[in-house]
Amino acid sequence: MSVIELTIIILIGSYFAGLLGSLTGLGGGFIIIPLLTLALHVNIHYAIGASLISVIATSSGSAAAYVKEGITNMRLGMFLEIATTAGAMAGAIAAIYTPTQYIAILFGLILITSALMSLHKKTVQLTKHKSYLAQKLKFNSSYPSAEGPVEYNVINVAGGFFAMLFAGVISGLLGIGSGALKVVAMDGIMRIPFKVSTTTSNFMIGVTAAASAVVYLQRGYIDPGLSMPVVIGVLLGAVTGSKILVQSSSSKWIRIIFAIVVSVVAVQMIYNGILGKI
């Protein structure tokens, strides 16, 4: 396979990774890492390095549109970034000394767990409960819809913060932006509407990934030849995905896509990790 053919394959795969990453709040790494490791046999550490760069691109490409539309909860996102950034640094350092097959298995387990939780998650009913901490920090907000602004309250701020700390560790360890865990935490623990949780996740993952990327850069695991087509493809896909999500009135089909795609790649990563092929 020539360099040009390899670049085109990575570019196309990264576009669809950015598209789904933008729609689900995952950041694209959940497709890019399997694409590079399973299909193209790239060392998983280099795949994670390229994925982290793509996560930054995804956040940059889609977050701006979501903020402009008034969907993202910026105050909440900036608060939770404290936890995710600290966790990301710890996870990135741990990843350097963790055998690659264990990283692959953990990657698959995290994704398939997220997919199962998404399938069994019923539509979150907006809570009327007032959280003292959320009120003091002014996290309660609203988002635009076809019927007009929808008000929502944020609860269990402390629980969400510690969940984000764990999500940051997973981000640094696996290079997936931890969007899956962030969406689940905000959607389930903090009772934030799914559309708001995905857009806020996109707003956060760039900062989280940047903290992890510093460690991988110092170790020489970020290859410009891999990162360049990944960034371009993911950025284009993220812009497309942000336009689709802003115009969408229902997140049900996004959950279905999220669960199917994540389950398929998760099984492949676990299988190859057990056999030691990664």
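The values are calculated or read from the model by the stated rules, or taken from the named source; none is laboratory data. Predicted model, so just to flag it, every value in this text is computed and none were measured. Reconstructed Cβ throughout: ideal geometry from the backbone, glycine too, with neighbour counts over all protein chains shown.
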- Query: So which residues in the range 70-85 are surrounded by fewer than 17 Cβ atoms within 10 Å (Cβ to Cβ) and either of a type in the set (D, E, K, R) or in a loop (DSSP other than H, G, I, E, B) (or both)?
  - Reply: Gly70, Arg75
- Query: Quick check, is Ala64 surrounded by fewer than 21 Cβ atoms within 10 Å (Cβ to Cβ), at pLDDT 90 or above and either touching a strand residue (DSSP E or B) at 6+ places or on another chain (Cβ under 9 Å) or on the phi < 0 side of the Ramachandran plot (or both)?
  - Reply: no
- Considering the range 91-116 alone, what residues qualify as being in a loop (DSSP other than H, G, I, E, B) and touching a residue at least 60 places away in the same chain (Cβ under 8 Å)? Thr98
- Over the range 127-170, the set of residues buried (at least 17 other Cβ atoms within 10 Å of the Cβ) and not hydrophobic (A, V, I, L, M, F, W, C) is Ser131, Asn140, Ser141, Tyr143, Tyr152, Asn153, Asn156, Gly160, Gly168
- For Lys243, all conditions in the list (1) surrounded by 17 or more Cβ atoms within 10 Å (Cβ to Cβ); (2) at pLDDT 75 or above hold save one; what is the number of the exception? (1)
- Message: Which residue is nearest to Ser51 (Cα to Cα), if the candidates are limited to the range 196-215 and must be of a type outside the set (A, V, I, L, M, F, W, C) and surrounded by 24 or more Cβ atoms within 10 Å (Cβ to Cβ)?
- Response: Ser212
- Is it fair to say Val196 is at pLDDT 85 or above and closer than 23 Å to Glu69 by Cα? yes
- Query: Just checking, which of Ala88, Ala17, Ala63, Ala57 is farther than 19 Å from Ser242 by Cα and part of a helix (DSSP H, G or I)?
  - Reply: Ala88
- Query: Considering Ile155, Ile170, Ile176, Ile192, which residue is outside any helix (DSSP H, G or I) and within 14 Å of the chain's Cα centre (by Cα)?
  - Reply: Ile176
